[in-house]
Amino acid sequence: METKEALAAVRKQNGLTQDEMAAKLFVTRQAVSRWETGETTPNVDTLKLMSEQFGVSINELLGHGESPECQSCGMTLKTFEDFGTEADEGISTEYCVYCYHDGAFSTERTLEEMVESNMKHLAEYNQEMGTDFSEEDARTILKAHLATLKRWRQPAR
Ligand SMILES: [Zn+2]
């Protein structure tokens, strides 16, 4: 489900009009309308408020599957603070806070540089996952995986 559909679904499940939803979240009706057309996304504070008020998880709010990952570095996005921000301070539904800020990538990088940046966490990863990847294996796997993410599927920017 796309984020705009997920946000509209939460409102409808709670039997609210856009006006009522806006009042509950201290935003304008236009803001709610723009989320539901996919023009903008709510900011972190508003998402937290929605999550509390309606008892829905971050994944339900954003329409993500079980464990969404940053479409640039592959980091798992678990909390609202993990998500990057758009230029209007709305949340980025695709990138993490380290990769993406105010509507732009924090660092110009090639796929190879991103692989090397992630390699710094190999020991940590092996420990956490109980795996024993060598540097060489990890590099190959990482590169293949990152290449499937949105940032790297597009022509070099
Ligand atoms: Zn990232």
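Apply the Karplus parameterisation 6.51 cos²θ - 1.76 cosθ + 1.60, with θ equal to phi minus 60°, to every residue of the stretch 97-105 and state each ³J(HN,Hα) to the nearest whole Hz, in sequence, with x for glycine and proline.
5, 7, 8, 9, 8, 6, x, 8, 5
Which ³J(HN,Hα) values in Hz, rounded to whole numbers, follow from the phi angles of the stretch 34-39 under the Karplus curve 6.51 cos²θ - 1.76 cosθ + 1.60, where θ = phi - 60° and Gly and Pro get x?
So the J values, rounded to whole Hz, are 5, 4, 6, 9, x, 6.
Can you give me the long-range amide H partners of CYS96? Hydrogens built in the peptide plane at 1.01 Å from N, cutoff under 5 Å, separation of 5 or more residues or another chain.
For CYS96, the qualifying residues are GLN71, SER72, CYS73, GLY84.
Based on Cα positions only, what radius of gyration and what Dmax would you give for the stretch 16-128, in angstroms?
16.1, 50
Identify all lysines with a Cα-Cα distance to LYS24 below 17 Å; exclude those on the same chain that are fewer than 8 residues away in sequence.
Straight-line reach from LYS24, under 17 Å: LYS12, LYS48.
Can you tell me the length gained on complete extension of the stretch THR17 to GLU66, counting 0.36 nm per residue apart and subtracting the Cα distance?
14.8 nm
Test of understanding: ordering MET21, MET75, MET1 by Cβ neighbours within 10 Å, fewest first, what list do you get?
Ranked by crowding around the Cβ, least crowded first: MET1, MET75, MET21.
Read phi for every residue in the stretch 65-72 and hand back ³J(HN,Hα) as whole Hz from Karplus 6.51 cos²θ - 1.76 cosθ + 1.60, θ = phi - 60°, with x for Gly and Pro.
x, 3, 9, x, 10, 4, 7, 10
Once you have a ≥ b ≥ c as the square roots of the Cα gyration tensor eigenvalues for the stretch 3-62, tell me rounded if a/c is under 1.5, and otherwise prolate or oblate according to whether a/b is larger than b/c.
Rounded is the answer for the stretch 3-62, as its axis ratio a/c remains below 1.5.
Each label point is 7 Å from the Cα along the Cα-to-Cβ direction; what then is the distance between the points at GLU5 and THR76, in nm?
So the label points at GLU5 and THR76 sit 2.5 nm apart.
Under 24 Å Cα-Cα from LYS120, which lysines qualify once same-chain neighbours fewer than 8 residues away are excluded?
By straight Cα distance, LYS120 reaches LYS78, LYS143, LYS150.
Values quoted throughout were computed directly from the atomic coordinates according to the rules given, and no laboratory measurement underlies them. Computed from a prediction, not measured in an experiment: that's the story for all the values here. Neighbour counts are summed over all protein chains in view; Cβ atoms, including those assigned to glycine, are modelled from backbone coordinates with ideal geometry.
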